[in-house]
Amino acid sequence: MTAQNIAAADPKGARRAVRLFFLVCGIGNAAWAPMVPFLKLRLGLDDAMLGLVMLALGTGGTIAMPLAGVLIHHIGTRLTMTAGGTIFALSLPLLALAPSAWILAGALALFGFGLGMLDVSMNSHAVVVESRSGRPLMSGFHGLFSVGGLVGAAGLSGLLAIGLPLLTASILIAALLVLIVVTQFRDLLPMADEPRAEKGEGLRWPGWSVIAIGFLCFICFEAEGAVLDWSAVFLRFSRGMEEASAGYGYAAFSIAMASMRLAGDRITTRLGPVNILRYGGLMAAIGFLTVVLVPSSWGGLLGFFLVGIGCANVVPVLFSAAGRLPGVAPGVAIPIVASLGYAGILLGPPLIGFVSDVTSLPFALGCVAAALIIVALSARIAHQ
């Protein structure tokens, strides 16, 4: 990138725009959580069928992720983020309209497609903006995603609680997201400001360290996906909460995660990345065990809050570790780690549904706790 390009870029505007795109992703993602119990009852879905329907969300995201990489190479992250964000937002009301399980699956595939495209491209753009700014920003960016999770879950739950139909509430949320995407597009960094991997580098084996970090991201995002897609179902059907209030489990998770991530850069500096992974993984595991073992709705809310505290800064630390791997360009490592990680949030919840149908939902969530212990035991991978 030339000196003229550096001077032309507006780092402050780009930082704000990226934060708002993370906010969009968090709001839309979390708005799905309160919709799940409504659609489960309306369409008469058991846990296995609901898990199968959720698999469509993961399928759409899995298709979008490699396509996002191709688009980023040809048109840059700026246009890819805008396209993904628009698809993501406009597909939200389609979920509320679905009259059958199969049409809901199609709408979820489109929703997942937009989510996958937006997630990969905005994280890639965030790495560039962080590099241009010369200071840690990734935890703050992910913090806005968590703030969006609070706004999306509590906001849609609140709209439903005052009596708005599900379709009307989802249209209002979608309109807000499209407005943010359209108004923030111009402040994103242009394609000329984005670093390029060397020719052919993306075709080479990235190394086991990249795959290992991606696997740990998969576990953490699977935990987030478990809270997103199953917290409302768990609180409604296992703890007896009202439908309109069941979305507050994800809201509690989002409050904790947002608070910890907004302070995440300072916390990571003080504790170090290894301790963030070690204690964060353990705290998240304890949170899921609290959800499963404490037989009350308040225990469930407390458990999901603890999961948010534990998971909050693990993923930003893993992204930073991937960007520091010797012999691998960040432009190659980050998209691979992001794709593996987001596969967890897209593919993990359907797996939980199948395990739940064979055993029980509490047992399935307990398996997530066991996986998070692996993250804690692998903490040294962040010491690069």
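The values are calculated or read from the model by the stated rules, or taken from the named source; none is laboratory data. Keep in mind that this is a model prediction, so the values were computed, not measured. Cβ coordinates were reconstructed from backbone atoms using ideal geometry, including for glycine residues, and neighbour counts include every protein chain displayed.
Here are a few things to note about the model shown:
- Residue within segment 332-350 that is over 15 Å from Phe218 (Cα atoms) and not basic (Lys, Arg) present: yes
- Residue pairs whose Cβ atoms lie under 7 Å apart, sitting 6 or more positions apart in sequence or on different chains, and linking a residue in segment 323-346 that is over 20 Å from Met117 (Cβ atoms) and at pLDDT 75 or above to a partner that is buried (at least 21 other Cβ atoms within 10 Å of the Cβ) and small (Gly, Ala, Ser), are Leu325/Ala333.
- A Cβ distance below 8 Å, combined with a sequence gap of six or more or placement on separate chains, defines the contacts here; from segment 157-168, residues that are of a type in the set (S, T, N, Q) reach residues that are assigned to a helix (DSSP H, G or I) in the pairs Ser157/Pro34; Ser157/Ala244; Ser157/Ser245; Ser157/Tyr248; Ser157/Ala251; Thr168/Leu159.
- Counting residues in segment 30-52 that are assigned to a helix (DSSP H, G or I), surrounded by 15 or more Cβ atoms within 10 Å (Cβ to Cβ), touching a Pro at 6+ places or on another chain (Cβ under 6 Å) and modelled with pLDDT under 85 gives one or more.
- Some residue of segment 285-293 being under 17 Å from the mean Cα position of the chain (by Cα), of a type in the set (Phe, Trp, Tyr) and crowded, with 20+ Cβ neighbours inside 10 Å: no
- Filtering Phe319, Phe354 for residues that are of a type in the set (Phe, Trp, Tyr), surrounded by 20 or more Cβ atoms within 10 Å (Cβ to Cβ) and at pLDDT 80 or above leaves a single hit, Phe319.
- Sub-6 Å Cβ pairs linking a first residue in segment 40-51 that is on the phi < 0 side of the Ramachandran plot to a second residue that is of a type in the set (Ser, Thr, Tyr), at least 6 apart or interchain, are Asp47/Ser356, ordered by first then second residue.
- Some residue of segment 108-121 being more than 15 Å from Tyr342 (Cα to Cα) and in contact (Cβ under 8 Å) with a residue 60 or more places away in the chain: no
- So Gly327, is it among the small types (Gly, Ala, Ser) and surrounded by 23 or more Cβ atoms within 10 Å (Cβ to Cβ): no
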